[in-house]
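First up is the structure itself, then whatever we jot down about it.
Nothing in this text is a laboratory measurement; each read-out follows from the coordinates by a stated rule. These numbers were taken from a predicted model, which means no experiment stands behind them. So basically every Cβ, Gly included, is an ideal-geometry build from the backbone, and we count neighbours across all protein chains shown.
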Amino acid sequence: MVNFRKLLGGNTLLYRGCMLRGNYEELSDNYEELLRKGGVKFVVLENELCCGSPIRNAGEDWKEQARKVNEWLKEHGIVKIVTPCPACFHTFRTLYREALPDWDVEVVHASQVLAELVKKGKLKARAEKDVMVFHDPCHLGRAEGVYDEPRQIVRAAGKLEEMEFGKELSQCCGGGGGMPNNQPELARKMAKKRIKEAGGRCVITACPMCYHMLKGQGKTRELSQLFE
C-alpha cells in the first residue's frame, strides 16, 4: 500500500508530545508554521502515541509502550523525529536506544532545527524589547547537552543575559518527574523560585512543561513565540 503521508510530507515526524498537543495548541501551530516556513518537509500524525516518559516517571514498566511507539513509527515510514518537548527528546534519543535493540530513528530537538534555519536566513526572530534570560529545561540541557542552539535564537531576538544558575547548574522549574501531580505545592514553589532568580527579566524556555509551570509566576515566553 502506498504511504501517501510519506510521499507528501517526507519521513520526518513533528512529534508534538502530550503537553503541547493537549494544552497548547497555539504553540503546536507555531512549530508547524515555522518548520513549513523554513522549508522543512515533515508530517504530523493525529493519532500520536505518548512516548512513555510519564509511565517511566511513575515507576511503571514503560518498555511495552516504547515497543508500541516503535512499531507505530515504522508503520508510517518515520526515520526522523523533530520534537519541541525535551522529555520526549530525551526519551527517544537516549532511553529508546537503551531499551530497544532495533531502534533506528534520528531524533533532534526543535530548537536545533530552528537555530539552523535562523542561521541560514530562512527564519527571522522578532525583535524583543525585554532583557531575556534562558531557563534550561532539565532533559534538554543536563540530560542531552543542548545549551547553545536555544540561546542562539534568543540572541537573534534581543539581549540575552545568563541566570546565576544556568546551563549545567540550572534548576528544575518544578515540572519534572511528575511533581505537579504528586506534590503540586512544592512544584509551584520551585517555579516561583526560578522566576524570582530571573530578577524581573523575561524568562524564555524551550519546553512546554517549563512554560506551563513558569508562565503563571512571571513574564515567560516559549521559544516558538520569538519569531516573526
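Helical runs assigned H by DSSP (4 residues or longer) give the chain a calculated mean residue ellipticity at 222 nm of -11500 deg cm²/dmol, each run adding -39500 (n - 2.57) before division by the residue total. If one takes the longest principal axis of the Cα atoms in the chain, at what angle in degrees, from 0 to 90 and to the nearest 10, does the Cα axis of helix 148-157 lie? Computed tilt is about 60 degrees. Note on the chain: GNM, Cα springs under 10 Å; of Gln171, Gln183, Gln112, the largest mean-square fluctuation is that of Gln183.
Put +1 on the Cβ of every Lys and Arg and -1 on every Asp and Glu Cβ in the chain; which of Cys51, Gln65, Leu34 then has its Cα farthest towards the positive end of the dipole? The residue sitting farthest along the positive end of the dipole is Leu34. Here the Karplus curve 6.51 cos²θ - 1.76 cosθ + 1.60, taken at θ = phi - 60°, turns the phi angles of the stretch 185-201 into couplings of 5, 5, 4, 5, 4, 5, 5, 4, 5, 5, 5, 4, 5, 6, x, x, 7 Hz, with x standing for Gly and Pro. Ordered by the number of other Cβ atoms lying within 10 Å of each residue's own Cβ, fewest first, Thr12, Thr205 fall into the sequence Thr12, Thr205. Remark on the chain: hydrodynamic radius 18.0 angstrom, per the Kirkwood mean of 1/r across alpha carbon pairs. Counting neighbouring Cβ atoms within 10 Å and putting the fewest first, the residues Ile81, Ile204 line up as Ile81, Ile204. Between amide H atoms placed 1.01 Å from N, distances below 5 Å from Ile81 occur with Leu13, Glu106, Val107, Val108, all of them 5 or more places distant or on a separate chain.
Between Lys196 and Arg126, the C-beta separation translates, for a Förster distance of 30 Å, into a calculated FRET efficiency of about 0.65. If the elastic network links every pair of Cα atoms under 10 Å, which of Tyr24, Tyr15, Tyr147 fluctuates the most in the Gaussian network model of the chain? Greatest mean-square fluctuation among the candidates belongs to Tyr24. Amide H contacts of Leu123: Val118, each under 5 Å away and 5 or more positions distant or on a separate chain (H built 1.01 Å from N in the peptide plane; Pro and chain starts excluded).
May I ask which of Lys129/Lys159; Lys41/Lys122; Lys129/Lys192; Lys159/Lys193; Lys63/Lys167; Lys129/Lys193 have a Cα-Cα span longer than 19 Å here? Listed pairs above 19 Å: Lys129/Lys192; Lys159/Lys193; Lys63/Lys167; Lys129/Lys193.
Note on the chain: with a GNM built from Cα contacts shorter than 10 Å, the maximum mean-square fluctuation among Gly141, Gly174, Gly199 falls on Gly199.
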